[in-house]
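See below for the structure under consideration.
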Amino acid sequence: MADDQEKTASPFTAALVGASRQWILLILTAFLVFFSLAAPGFFSVMGVTNIAVYSSEPLLLALGETFVIISGGIDLSVGALLGFTGVASALLMKALWLATHDVTLSILISVVVGLGIGTALGAINGLLIAKLKVPPFVVTLGMLGIARGFTFILTSGHSIIGLPEVLGLVGNYYILGFLPVSAVITIILVLLGYFILSKTRLGRYTYSIGGSRQASIRSGVPVDGYTIRIYALSGFMAAWAGILILARFATGSPLAGQNSELNSIAAAVIGGTSLMGGIGTIPGTVVGALIVGVLLVGLVIMDVQPYWQMVSVGGILILAVFIDNIRYRRTAAE
């Protein structure tokens with residue numbers, strides 16, 4: 001539907017959409033040039049690898065967030081679902097490994113269960129939004145508190161250690177010596193998200209619901225069912241992010257995913273996904289996530305305090321929303 005909208009848009013709207021795409025590419029290019037000059041080693045093999053690793057988490061969360069925002073919603077719980085999924089998978093993995101001493105079976109079962117937990121919690125978000133008509137902001141904010149609270153209850157605030165060593169070896173394995181496994185899995189999930197959004201009924205209905213919920217209902221679209229699917233997909237992507245972080249550190253940390261919802265929403269919005277709903281693309285989100293990843297890695301190399309990283313991402317998010325609002329107002333005025 002987004003493609004159709006762009007095809008039928010006026011020349012002014014088309015130019016505005018094109019300018020917004022150029023804007024994010026210019027921002028990415030500017031960051032690359034700045035950090036290559038200001039941060040020694042930024043363009044080294046290790047620096048590029050770090051960008052790929054650091055971009056994986058916000059990108060996976062932003063993939064699910066893209067579907068949700070295009071549909072006219074918001075998901076503030078993705079970071080908490082990431083943390084809860086990682087901790088739950090770590091606890092199950094440790095218990096299975098101690099009981100069976102079968103490393104492969106313990107890891108596989110824990111991964112599958114973790115993905116199931118994230119998907120189920122996302123579906124609960126969608127169910128409450130669709131059936132009880134509770135605003136997405138309230139539902140997902142409540143889920144954030146619930147998931148984060150249970151994460152600390154399960155761990156008593158302590159990290160889960162003593163996991164199989166092979167988990168860390170797999171999580172930190174580099175294909176061909178420079179391509180992280182986490183980046184490969186992320187690429188596969190990005191392609192999956194692109195296919196779903198651009199080639200399937202779920203993708204078409206996501207745009208339709210975000211463009212006009214009432215029009216979608218009148219057209220016979222089962223809006224409630226697809227809303228549940230959209231939020232379940234967001235939970236699924238958050239669970240994958242939790243699994244990858246668990247594998248990278250071989251530790252289930254209750255602090256994982258804190259403030260990640262800011263980075264994920266920023267990546268999606270910077271990439272052109274409109275908070276007004278109905279507009280957004282996966283390639284745009286990928287560029288947005290790369291901007292966030294480059295910013296975070298560059299600031300780390302420059303030894304900037306973590307608090308300033310949050311300030312920087314928040315500032316870029318406000319700028320992206322400001323530009324989105326201008327685009328929306330001008331388009332609506334035509």
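If I filter the range 2-15 for residues that are surrounded by 18 or more Cβ atoms within 10 Å (Cβ to Cβ), in contact with a helix residue (DSSP H, G or I) (Cβ under 9 Å, 6 or more places away or on another chain) and either at pLDDT below 85 or basic (Lys, Arg) (or both), do I get at least one hit? Break it down stepwise before answering.
Here is the first cut: in the range 2-15, the residues surrounded by 18 or more Cβ atoms within 10 Å (Cβ to Cβ) are 2.
If we keep only those that are in contact with a helix residue (DSSP H, G or I) (Cβ under 9 Å, 6 or more places away or on another chain) as well, we get 2.
Subsequent filtering for residues that are either at pLDDT below 85 or basic (Lys, Arg) (or both) retains 2.
Yes: one or more hits.
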Within the range 131-177, tally of residues that are under 14 Å from Gly252 (Cα atoms) and buried (at least 18 other Cβ atoms within 10 Å of the Cβ)
8
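Out of the residues in the range 35-47 that are part of a helix (DSSP H, G or I) and surrounded by 14 or more Cβ atoms within 10 Å (Cβ to Cβ), state the one that is modelled with the lowest pLDDT.
To start, the set of residues in the range 35-47 that are part of a helix (DSSP H, G or I) comprises 35-38, 45-47.
If we keep only those that are surrounded by 14 or more Cβ atoms within 10 Å (Cβ to Cβ) as well, we get 35-36, 47.
Working: Phe35: 86, Ser36: 84, Gly47: 74.
The selected residue is Gly47.
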Residue list for the range 89-130, restricted to those being among the hydroxyl-bearing types (Ser, Thr, Tyr) and buried (at least 18 other Cβ atoms within 10 Å of the Cβ)
Ser89, Ser106, Ser110, Thr119
Residues of the range 135-159 being within 21 Å of Arg213 (Cβ to Cβ) and not in a helix (DSSP H, G or I), in sequence order, are Pro135
Single residue of the range 62-86 satisfying the filter (among the aliphatic types (A, V, I, L, M) and not in a helix (DSSP H, G or I)) that is surrounded by the most Cβ atoms within 10 Å (Cβ to Cβ):
Leu76
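Out of the range 125-146, which residues are touching a helix residue (DSSP H, G or I) at 6+ places or on another chain (Cβ under 7 Å) and closer than 16 Å to Arg229 by Cα?
First pass over the range 125-146, keeping only residues touching a helix residue (DSSP H, G or I) at 6+ places or on another chain (Cβ under 7 Å): 125-131, 134, 136, 139-140, 143-144.
Scanning the range 125-146 gives Asn125, Gly126, Leu127, Leu128, Ile129, Ala130, Lys131, Pro136, Val139, Thr140.
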Report, ordered by the first and then the second residue, all pairs with beta carbons closer than 7 Å, sequence separation of six or more or different chains, a first member in the range 39-66 that is without any contact (Cβ under 8 Å) to a residue 12 or more places away in the chain and of a type outside the set (Lys, Arg), and a second member that is surrounded by fewer than 21 Cβ atoms within 10 Å (Cβ to Cβ) and part of a helix (DSSP H, G or I).
Phe43/Ser36
Write out, first by first residue and then by second, each pair whose Cβ atoms fall under 7 Å of each other, whose residues are 6+ apart or on separate chains, and whose first residue, in the range 142-170, is touching a residue at least 60 places away in the same chain (Cβ under 8 Å) and closer than 16 Å to Leu246 by Cβ while the second is among the aromatic types (Phe, Trp, Tyr) and in a helix (DSSP H, G or I).
Ala147/Phe84; Thr151/Phe84; Pro164/Trp97
Cβ-Cβ under 8 Å pairs, at least 6 apart or on other chains, the range 71-98 side within 30 Å of Ala215 (Cβ to Cβ) and of a type in the set (A, V, I, L, M), far side at pLDDT 95 or above and surrounded by fewer than 24 Cβ atoms within 10 Å (Cβ to Cβ):
Ile74/Pro136; Ile74/Phe137; Leu76/Phe137; Leu76/Leu141; Leu76/Leu144
Would you say Ser182 is at pLDDT below 95 and either among the small types (Gly, Ala, Ser) or touching a Ser or Thr at 6+ places or on another chain (Cβ under 7 Å) (or both)?
yes
Taking the condition part of a helix (DSSP H, G or I), in contact with a Ser or Thr (Cβ under 9 Å, 6 or more places away or on another chain) and under 25 Å from Ile117 (Cα atoms), does Tyr207 pass?
no
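The values are calculated or read from the model by the stated rules, or taken from the named source; none is laboratory data. Everything quoted here is computed from the prediction, not taken from an experiment. Because the Cβ atoms are built from the backbone with ideal geometry, glycine has one as well, and the counts that use them run over all protein chains shown.
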